[in-house]
Structures are given as structure tokens and as C-alpha cells.
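The structure appears right after this line, and notes come after that.
Since every read-out is calculated from the coordinates, none of them should be taken as a lab result. Nothing here was measured: the structure is a model prediction, and the numbers come from that model. In this analysis, Cβ positions are derived from the backbone assuming ideal geometry, glycine residues included, and neighbour counts consider all displayed protein chains.
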Ligand SMILES: NC(=O)c1ccc[n+]([C@@H]2O[C@H](COP(=O)([O-])OP(=O)(O)OC[C@H]3O[C@@H](n4cnc5c(N)ncnc54)[C@H](O)[C@@H]3O)[C@@H](O)[C@H]2O)c1
């Protein structure tokens with residue numbers, strides 16, 4: 001039987017801070033495919049995330065399809081805005097949610113991953129734009145650059161720092177959104193620019209990391225999904241309803257669907273795929289004019 005088999009692979013999913021996000025669904029799918037999974041979590045969320053994992057009511061959520069329990073080999077503190085500790089402003093370094101976290105920057109994460117034996121598969125599942133609710137016409141320089149720094153450059157930095165730690169044939173996957181290609185009015189603050197950069201960078205990184213190390217770099221572009229981050233952006237239910245009226249397949253996407261796609265792209269079954277954007281959006285992105293026929 002042809003199966004996604006990640007047995008013996010070490011995976012790292014960056015951007016897992018609760019059980020509702022796409023990153024959690026991806027981590028679960030990678031574990032179900034047999035990988036050992038570590039996560040990297042934004043420092044302010046680490047405590048709550050660990051409490052959630054320890055709650056008896058989380059057991060069902062943590063049960064894998066073979067009945068085993070999802071457990072993470074490590075939960076690394078990680079702030080994607082910073083590459084080195086000496087570049088972190090003192091007020092953040094000394095903040096109560098950061099000061100006991102060790103080196104939470106990209107280079108600190110890479111050092112911790114190296115000390116734990118390396119990594120084979122990396123998934124970047126994070127984004128943040130402080131001015132996401134503002135139209136681009138009203139976005140400040142700081143807001144725009146902050147969105148691109150956290151949501152796009154962080155992926156470049158992860159590939160730079162973790163690529164050398166991987167055996168040849170490693171895989172990087174990151175998560176984009178259609179707003180990087182087409183206009184989605186409420187996705188502002190430079191976030192659409194960040195997703196456009198993320199996708200373009202993935203193609204260039206696929207070439208450079210492919211030639212340098214033999215690694216692959218791919219992008220998943222999911223349709224609208226009700227995560228905590230999506231709720232913060234605004235009318236996520238409206239976006240899901242619009243996608244349902246417009247898409248070839250009307251059901252909302254699930255984290256499991258994104259997760260199994262990430263597992264496939266990370267697996268040797270996808271050894272011929274790199275530099276590609278895979279849409280997990282029920283076909284929404286294929287439509288020019290939707291919602292006019294009932295089918
Ligand atoms: N939810 C959607 O509709 C949707 C659609 C397409 C793409 N995506 C993308 O999927 C990915 C995951 O998002 P999600 O919707 O599952 O939301 P989410 O809230 O679960 O994930 C976003 C994560 O990013 C983390 N994060 C934010 N700033 C960070 C920083 N500076 N350092 C480290 N981590 C930081 C948050 O803590 C959170 O864990 C993002 O790239 C998002 O843009 C989401």
C-alpha cells in the first residue's frame with residue numbers, strides 16, 4: 001500500500017500555540033505519519049499551551065488515528081521577529097514572559113535543534129501583522145515592515161539556519177494565503193505583501209537550498225479557516241461563507257486537510273515537488289465567477 005511514511009524523521013513545526021491553529025493540525029498529521037515532532041511556540045503562549053496539553057479534557061484532541069497519544073519531543077520558545085539575542089530590545093528580553101526562556105531567536109532555536117540531534121522536516125506556520133486590519137493605504141512603514149519581517153523573512157531565516165542541520169532531502173513547507181496573489185480587502189497592514197514575499201522567496205529558496213543541500217521548499221495556501229489568528233483579522237465567518245458560495249466544493253477546509261498535505265509535501269513521495277504553491281482551498285482559487293449555478 002502506498003502510504004505517507006515519515007518514520008525515523010524529525011519534524012519541527014514553528015507557530016504552534018494552541019490546539020485550534022493549522023500548525024497543530026499539521027503537527028498531528030506529521031506524528032500520524034510516524035515523525036517525531038517538536039514545536040516552536042511564541043514565548044507569551046508557551047505556558048498556556050503546556051497547560052492545555054496537560055488538561056484531561058485535551059485527551060481526545062491528542063489521540064492519533066492509531067490510538068497513540070500525540071506528544072512533542074520539545075516545545076521550543078521562539079519569536080520569529082529576531083535572529084540573534086543581541087538584537088532583541090532590552091524591554092522584550094527582560095519582559096516577564098521572555099526572561100526565563102533562554103535564546104528564543106532563530107539562531108537560538110537552531111542551536112537547540114542541533115543539540116537535540118537535528119531536523120529533517122520544517123513547517124513554518126506563523127504570521128503576524130500589527131496593522132492587519134488597516135488598508136494598505138493607511139499602513140505605516142513600521143507596520144508593513146513588521147508584517148514582512150515576522151511573516152516572510154522569518155521563513156528565509158529558518159531555511160538559512162536549519163538547512164545546514166538537515167540531511168540531504170530535507171523539506172521546508174510554509175503557509176501562505178491567496179491574498180498574496182489576489183486582492184482580499186480586509187487582509188491589510190502589509191500582510192498581503194508578506195504573503196507575496198513568502199511565495200516568491202519559497203521559489204528562490206527552493207532553487208538555492210536545492211542546489212546547496214538537496215532540500216525542497218514548498219508552500220501550502222489554505223482557504224479561510226477559523227483559527228485564533230484569523231478571528232483577530234476580522235470577518236472570518238463571512239470569508240468562510242463566501243468561499244462556500246463560490247468554491248467548487250462548498251465545505252470549509254479543515255486543519256486535518258492542511259495537515260495531511262503538509263505531511264505529503266514533507267515526505268519522500270513528494271521528492272519531485274519543490275518551489276510550488278499547493279492550494280488547499282476546495283478549489284476556491286480556480287474560480288473566476290462563483291455562486292451563479294447550484295451545480
Ligand atoms: N486561518 C486561515 O484562514 C489561514 C488561511 C491561509 C493561511 N493561513 C496561514 O496559516 C498559518 C498559521 O495560522 P493560523 O491561521 O493557523 O493561526 P494561528 O493563530 O494558529 O497561528 C499563528 C501562529 O503564529 C504565531 N506567531 C505570531 N507572531 C509570532 C512571532 N513573532 N514569533 C513566533 N510565532 C508567532 C502565533 O503565536 C500563532 O501560534 C499562518 O501563516 C497563516 O497566515 C491561515
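Odds and ends about this structure:
- Candidates 194, 111, 31: whichever shows maximal mean-square fluctuation once the chain is modelled as a Gaussian network with Cα springs under 10 Å: 111
- Most simply put, region 1-150 has about 10% antiparallel DSSP beta bridges, counting only bridges with both residues inside it.
- In range of the label at residue 256: residues from region 16-37 whose backbone nitrogen is under 17 Å from the point 7 Å along Cα→Cβ: 19-34
- Spin-label proximity, residue 115 to region 3-18 - amide N less than 20 Å from point 7 Å beyond Cα toward beta carbon: 10-15
- Treating r as the C-beta distance of residue 86 and residue 245 and R0 as 51 Å, the FRET efficiency rounds to 0.50.
- Within the chain, helix-based [θ] at 222 nm, where runs of 4 or more DSSP H residues each add -39,500 (n - 2.57), nearest 500: -11000 deg cm²/dmol
- At R0 = 30 Å, FRET efficiency that the Cβ-Cβ distance of residue 232 and residue 51 yields, to 0.05: 0.90
- Highest-MSF residue in the chain out of 184, 217, 119 [GNM, Cα springs under 10 Å]: 184
- DSSP beta bridges in region 10-280 [antiparallel fraction, %, rounded to 5]: 5 percent
- DSSP bridge analysis restricted to region 7-83 gives an antiparallel fraction near 10%, rounded to the nearest 5.
- Expressed in units of 2.2 N^0.38 Å, where N is the residue count, the Cα radius of gyration of region 54-110 is 1.57.
- Cα centroid of region 224-295 to Cα centroid of region 189-209, whole Å: 19 Å
- Taking the alpha carbon gyration tensor of region 10-280, multiplying each eigenvalue by 5 and rooting it gives semi-axes of 25, 23, 21 Å, largest first.
- Annotation for region 44-103 versus region 109-157: alpha-carbon center distance of 16 Å.
- Difference of contour (0.36 nm per residue) and Cα-Cα distance, residue 96 to residue 138: 11.9 nm
- Highest-MSF residue in the chain out of 263, 60, 114 [GNM, Cα springs under 10 Å]: 60
- Its alpha carbons give region 1-157 an Rg and a Dmax of 16.8, 55 Å.
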